[in-house]
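S.K.: This is the structure I have questions about; it appears just below.
The values are calculated or read from the model by the stated rules, or taken from the named source; none is laboratory data. Everything numeric in this text was worked out from a predicted model, so none of it was measured. Quick reminder, even Gly has a Cβ in these numbers, built from the backbone with ideal geometry, and neighbours come from all protein chains shown.
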Amino acid sequence: MHASKSQSQTEFSTHILHALGWTTHSYYLLSGFLLTLFLLGYIWWPLAEEYLSYINWQGRWWLYLDWLLLGIFLVMSLLIMVGADLRVDIKIIIVGLIGGLVIESWGTQTNLWHYYTAERPPLWIIPAWPIASLSIDRLVRILQKYSSHIGDKVFKITYWAVFSVFFTLMLYFVRPTLDKSLTLCALGLVFVIVITTTNHRLAVLTFMAGAGLGYFLERWGTTRECWTYYTLQTPPLFAVLAHGMAAVAFGRSLIALGVMMKWVYGKLKISRQRIPSNTLTGN
């Protein structure tokens, strides 16, 4: 009877994990996420100490906790565990790190936004980008599942409407920095991505997921004055939608990275095949 009960509990746990979409790799990702948070807190302890000093630990400390930030961390922690596959996720992490660094460098160097630490950009914010990218990837999968009944024509019309509005909004928002080469490069890159995208369904869903998550990230960051835009809005609409555009750009970069890695692997495989067998064995 005891064995039967234990087996039932095991089957129930397995069913729950399957329903959640968790895999063995999910725990690796979560461990990496928690390790990253620990390292950020350790390396930039003065910033963490200053943040924690605002909490009255002797009184009703739970009233001083940043529940929005904790909620964001909780949601992203759960999302990155859904359907985790390190073979794919490692590429998302690489693109997120590089893309995040490029975007933060553009914004802070052109003074479109600045951080309270006055760093341009602060390195401690960069790890947030791959975590957000993984979360968006999971949200896109969910959206794909529940939008499969919608025709491609609807997504095509929606795509051109949404991205035309976004590009117009971007031109208006970055107008004070149109004399900067970084801004011109950003505009050119967005324009090329918009006009060359063929999978309108995926682009729209990715934009929606990125903007949806981006709202909460921007709401937290601007209301806590962690970063501030030149418009002083908390947050500006462009900043929210820009997370959607960044997600689409990262998706295109992910495809390019996959093609490049496949090409490099092919070249290495060919080179290895050309090496005489006696050289490989040392005879």
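S.K.: L217 - would you say it is surrounded by 16 or more Cβ atoms within 10 Å (Cβ to Cβ), touching a Ser or Thr at 6+ places or on another chain (Cβ under 8 Å) and part of a helix (DSSP H, G or I)? Full working, then the answer.
M.R.: Working: surrounded by 16 or more Cβ atoms within 10 Å (Cβ to Cβ): yes; touching a Ser or Thr at 6+ places or on another chain (Cβ under 8 Å): no; part of a helix (DSSP H, G or I): yes.
For L217, the condition - surrounded by 16 or more Cβ atoms within 10 Å (Cβ to Cβ), touching a Ser or Thr at 6+ places or on another chain (Cβ under 8 Å) and part of a helix (DSSP H, G or I) - is not met.
S.K.: Would you confirm, using the coordinates I've provided, whether R201 is modelled with pLDDT of 95 or more and within 28 Å of G107 (Cα to Cα)? If you could, list the steps in order and put the result at the bottom.
M.R.: Numbers: modelled with pLDDT of 95 or more: yes; within 28 Å of G107 (Cα to Cα): no.
No: the conditions fail for R201.
S.K.: Can you name the residue in region 242-257 that is closer than 18 Å to L213 by Cβ and aliphatic (A, V, I, L, M) and is also surrounded by the most Cβ atoms within 10 Å (Cβ to Cβ) among such residues?
M.R.: A247
S.K.: Take T183 and tell me if it is more than 19 Å from the chain's Cα centre (by Cα), in contact (Cβ under 8 Å) with a residue 40 or more places away in the chain, assigned to a helix (DSSP H, G or I) and crowded, with 19+ Cβ neighbours inside 10 Å. Give the derivation first.
M.R.: Numbers: more than 19 Å from the chain's Cα centre (by Cα): yes; in contact (Cβ under 8 Å) with a residue 40 or more places away in the chain: yes; assigned to a helix (DSSP H, G or I): yes; crowded, with 19+ Cβ neighbours inside 10 Å: yes.
It is true that T183 is more than 19 Å from the chain's Cα centre (by Cα), in contact (Cβ under 8 Å) with a residue 40 or more places away in the chain, assigned to a helix (DSSP H, G or I) and crowded, with 19+ Cβ neighbours inside 10 Å.
S.K.: Could you count how many residues in region 137-172 are over 24 Å from I103 (Cβ atoms), of a type outside the set (S, T, N, Q) and within 21 Å of the chain's Cα centre (by Cα)?
M.R.: Within region 137-172, residues that are over 24 Å from I103 (Cβ atoms), of a type outside the set (S, T, N, Q) and within 21 Å of the chain's Cα centre (by Cα) number 2.
S.K.: Now a separate question. Could you tell me which residue of region 220-229 is surrounded by the fewest Cβ atoms within 10 Å (Cβ to Cβ), considering only residues that are at negative phi and out of contact with any helix residue (DSSP H, G or I) (no Cβ under 7 Å at 6 or more places or on another chain)?
M.R.: Once the filter is applied, the top-ranked residue is T223.
S.K.: Out of G83, G96, I need the residue that is surrounded by 19 or more Cβ atoms within 10 Å (Cβ to Cβ) and either in contact (Cβ under 8 Å) with a residue 12 or more places away in the chain or charged (D, E, K, R) (or both). Which one? Break it down stepwise before answering.
M.R.: Details: G83 fails: surrounded by 19 or more Cβ atoms within 10 Å (Cβ to Cβ).
Only one candidate passes the filter, namely G96.
S.K.: I'd like the residue in region 28-78 that is of a type in the set (F, W, Y) and under 22 Å from the mean Cα position of the chain (by Cα) and, out of all such residues, is nearest to W220 (Cα to Cα). Lay out the reasoning, then the answer.
M.R.: Looking only at region 28-78, we keep the residues that are of a type in the set (F, W, Y), and these are 28, 33, 38, 42, 44-45, 51, 54, 57, 61-62, 64, 67, 73.
Now drop any that are not under 22 Å from the mean Cα position of the chain (by Cα), which leaves 28, 33, 38, 44, 67, 73.
Working: Y28: 27, F33: 20, F38: 20, W44: 20, W67: 10, F73: 12 Å.
Selected residue: W67.
S.K.: Give me the pairs, please: first residue somewhere in region 110-139 and more than 18 Å from A239 (Cβ to Cβ), second residue anywhere and among the polar types (S, T, N, Q) and assigned to a helix (DSSP H, G or I), beta-carbon distance under 6 Å, and either six or more positions apart or on two chains.
M.R.: Note: pairs meeting the criteria are P127/T36.
S.K.: Another question about this same structure. Collect the residues in region 220-253 that are touching a Phe, Trp or Tyr at 6+ places or on another chain (Cβ under 9 Å), in a loop (DSSP other than H, G, I, E, B) and not charged (D, E, K, R), keeping them in residue-number order.
M.R.: C226, Y230, T231, P235, P236 - these are the residues of region 220-253 that are touching a Phe, Trp or Tyr at 6+ places or on another chain (Cβ under 9 Å), in a loop (DSSP other than H, G, I, E, B) and not charged (D, E, K, R).
S.K.: I've got another one for you. Can T168 be described as of a type in the set (S, T, Y), surrounded by fewer than 17 Cβ atoms within 10 Å (Cβ to Cβ) and part of a helix (DSSP H, G or I)?
M.R.: Considered against the rule, which asks whether it is of a type in the set (S, T, Y), surrounded by fewer than 17 Cβ atoms within 10 Å (Cβ to Cβ) and part of a helix (DSSP H, G or I), T168 comes out as yes.
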